[in-house]
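What follows draws every value from the coordinates through simple rules; no lab data is involved. Note that the structure is a prediction, hence the values are computed from the model and not measured. Positions of Cβ are generated from backbone atoms using ideal geometry, with glycine treated the same way; all protein chains shown enter the neighbour counts.
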Amino acid sequence: MPEHYYQIQKVNIKHNMLPHIIAGAVCLLISPLMIGMKNLDSYQTAKVIEIFFSLFGILLFVPVFMPELNKSIGDLIASKKESMGTLLFMRFLTSLFLTAAILFGFLTALHFGNCRFSFYQSFYGAMANCLFLGGMGMLFFSLFNHMALAYMMPVLYYIICYGGGKKYLGNFYLFSMMWGSFQEKHFIMAAAAIMIFLAITLRSRQQK
């Protein structure tokens, strides 16, 4: 990785992502007290992964656009030689890597806790949920430039899923693995990719 890209990632983690990383670490540390992580059957494991870990997408992806809320920081960033689209994409990659690393550790803990699940499917399914909710927050952030709305909309979608969305949301129901179905994750991942692409494209144009 070129040196200036490394510096972009370093600054992003230190000045933007660190509070969210700490919050995620705290959640992981207390998770054994909140949820069981040993000797779970396939349904219980899927429930833990989908209901608990999906929220990490909101926690780690919505902050991608936060620095520009401060106009002076936004003007400073806009004056740099790197395009805004490149900076936003690099921040997104940081969040993607952090989410994947945390999820890998979480699933490894479940594996050593003698829980029954497919590591690959659970990893893909959880990442799809995280990217979907995070992408939704990013899209609303780029459309309305409003941090509270960016958090509120994916949380509302999560609540709808939790409160009976299986009947109405079809292929975009977040908790399908709990019911033994995996195909929905492909639709969720595709929708996530579209929302993230639109969000970064719109935001980069707004900041020019």
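Computed values, structure above
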{"quantity": "Under 14 Å, Cβ to Cβ, from residue 44 - net charge with Lys/Arg +1 and Asp/Glu -1", "calculated": "+1"}
{"quantity": "Spacing of the two label points (7 Å from each Cα toward its C-beta) at residue 143 and residue 162, in nm", "calculated": "2.3 nm"}
{"quantity": "Cα gyration tensor category, rounded, prolate or oblate, for region 97-208 with a/c compared to 1.5", "calculated": "prolate"}
{"quantity": "Estimated distance in nm for a label pair at residue 101 and residue 119, the labels positioned 7 Å out from Cα along Cα-to-Cβ", "calculated": "1.9 nm"}
{"quantity": "Ranked by how many other beta carbons lie within 10 Å on average, peptides 52-59, 175-182 from highest", "calculated": "52-59, 175-182"}
{"quantity": "Length released on extending from residue 22 to residue 187, taking residue separation times 0.36 nm less the Cα-Cα span", "calculated": "56.3 nm"}
{"quantity": "Sparse-neighbourhood loop sites, trypsin sites (Lys or Arg not before Pro) in region 85-173 - DSSP loop, at most 15 other Cβ within 10 angstrom", "calculated": "116"}
